[in-house]
Amino acid sequence: MNSFLQTLSTPAGRVLVVAFTLVFTCAVVSPGTVHAQAGKSESQTGTSATDYRVGAGDHIYLSVPQRPDLNRQLAVGEDGNVNLPLVGNVNVRGLNKTEIETKLLQALREYYPSVNKVEVNISQALSNVVFVAGEVRFPGKYSFPETSVNMWEAIREAGGPSPTANLSSVRVVQDRSRGGQSQLIDVQAAIENGTVQNLPILRPGDTVIVPGSEELYTGSAGVNVTGAVIRPGNYRLTGRGDLVGVILLAGGPTDRANLSNVHLIRPDTGGGKSETYKIDLNNFLKKGKMESNPKLRAGDTVTIQNKSFTGRDIGLILSFVTALGTIVLLYYTIQNESTNSNSN
């Protein structure tokens with residue numbers, strides 16, 4: 001023990017302590033870090049200010065290095081024109097920053113031959129209108145002066161999510177002029193991971209739809225769902241009323257759910273003892289066996305058991321064992337070097 005403490009007091013020993021700290025930290029933190037980075041790469045699908053296309057009501061600032069007297073703020077009119085000295089009206093509707101610079105330079109050079117460069121900055125993007133609907137405090141149409149507004153900023157501008165909002169499945173619908181495609185975004189994960197700045201950038205005409213959470217049913221025709229599901233609770237039987245449908249109503253299984261061990265507790269309608277059935281739901285999901293996806297009845301209780309170990313648990317254990325092995329190897333390497341040094 002004394003030998004070990006003496007080793008730690010040496011420079012090599014201090015290196016050993018630092019190595020242990022780094023390896024152990026990587027072993028424990030890396031799974032969450034990788035997940036957060038993956039979420040960032042998947043959700044960062046926005047556009048930059050250089051891609052913004054101006055419209056009526058926008059303001060741009062024109063800078064002419066060779067002729068500072070031409071520097072000025074320009075407002076885009078309802079017809080899409082901006083007015084330049086001597087030149088007159090130049091239509092810039094639908095153009096981005098680079099295209100506006102090219103068009104204004106060409107127009108100015110006809111009257112000012114010394115001008116060979118212009119710079120344009122979009123100072124106010126009042127035509128940047130997006131729509132926010134669903135479970136927010138103030139649904140409606142919002143204009144943003146910034147050229148880059150992500151969906152979380154739009155939700156906040158609409159008063160923020162309501163208490164019943166489901167931020168895990170927020171839908172963004174593109175403007176029809178750009179195809180009208182939609183995508184689901186997990187805003188809740190971005191909030192929890194501190195990566196809201198990486199949420200998609202909205203463009204003019206886009207619509208953000210915040211859905212509501214499934215409200216818990218309190219009537220007598222419901223089914224209790226407990227255990228390893230996202231939102232345990234009492235849910236009304238809807239649609240086909242089968243086991244899979246009810247689990248989906250409860251948000252679906254968690255990553256620790258053991259779908260091979262689902263318990264269905266069915267009360268006796270005559271007031272007698274309840275019956276319990278053990279169901280392997282994987283037989284339905286993987287093999288299509290319909291008997292493993294039974295129809296449910298009012299009053300049933302569904303319980304999904306947790307797995308003893310998940311892939312992440314095993315990964316953490318293996319990472320810790322690897323880290324511990326690395327530390328032991330480092331320790332004996334330092335010990336051998338110390339012994340050899342003393343013998344010399």
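Each reported figure results from applying straightforward, stated rules to the coordinates on display, with no laboratory input. Keep in mind that this is a model prediction, so the values were computed, not measured. Every residue, glycine as well, gets a Cβ built from its backbone with ideal geometry; the counts of neighbours run over all protein chains shown.
Test of understanding: what is the full-extension gain from GLU275 to THR326, defined as 0.36 nm times their sequence separation minus their Cα-Cα distance?
Fully extending the segment from GLU275 to THR326 adds 13.1 nm.
Give me the log10 of I(q) over I(0) for the range 222-306 at q = 0.14, 0.16 Å⁻¹, as the Debye formula computes it from C-alpha points; what are the numbers?
-0.42, -0.55
May I ask you to work out the translational diffusion coefficient for the range 53-124 at 25 °C, viscosity 0.890 mPa s, via Stokes-Einstein with Rh from the Kirkwood sum over Cα pairs, reported in whole µm²/s?
So the translational diffusion coefficient is about 206 µm²/s.
Using a 7 Å offset from Cα along Cα-Cβ at ASP175, what residues in the range 52-81 end up with backbone N under 18 Å from the label point?
Flagged as within label range: 52-60, 76-81.
Scan around THR254 for amide H atoms under 5 Å from its own, H built in the peptide plane at 1.01 Å from N, and keep only partners 5 or more places away or cross-chain.
VAL229, ILE230
Name all residues of the range 56-100 having a backbone nitrogen under 14 Å from the label point set 7 Å from the Cα of GLN106 along its Cα→Cβ direction, giving them as ranges.
In the range 56-100, the label zone of GLN106 (backbone N under 14 Å from the point 7 Å along Cα→Cβ) covers 90-93, 95-96, 98-100.
Indicate the gyration tensor shape class of the range 129-210 (rounded, prolate or oblate), computed on the Cα atoms with a ≥ b ≥ c the square roots of the eigenvalues: a/c under 1.5 is rounded; otherwise a/b larger than b/c is prolate and the rest oblate.
Rounded shape, in that the Cα axes give a/c under 1.5.
Could you calculate the contour length gain from ARG231 to VAL244, that is, 0.36 nm times the residue separation minus the distance between their Cα atoms, to one decimal place in nm?
3.2 nm
Over all directions, average the projected area of the Cα convex hull of the range 260-304 and note it in nm².
Convex hull of Cα atoms, orientation-averaged projection: 3.1 nm².
Tally Lys and Arg at +1 and Asp and Glu at -1 over the other residues with C-beta under 15 Å from the C-beta of SER274: what net charge comes out?
Net local charge, SER274 excluded: +1.
Quick one: 3J(HN,Hα) in Hz for the range 174-181, Karplus 6.51/-1.76/1.60 with θ = phi - 60°, rounded, Gly and Pro as x.
5, 4, 4, 5, 10, x, x, 6
Can you pull out the trypsin sites (Lys or Arg not before Pro) in the range 97-134 that DSSP calls coil and that have at most 14 other Cβ atoms within 10 Å?
LYS117
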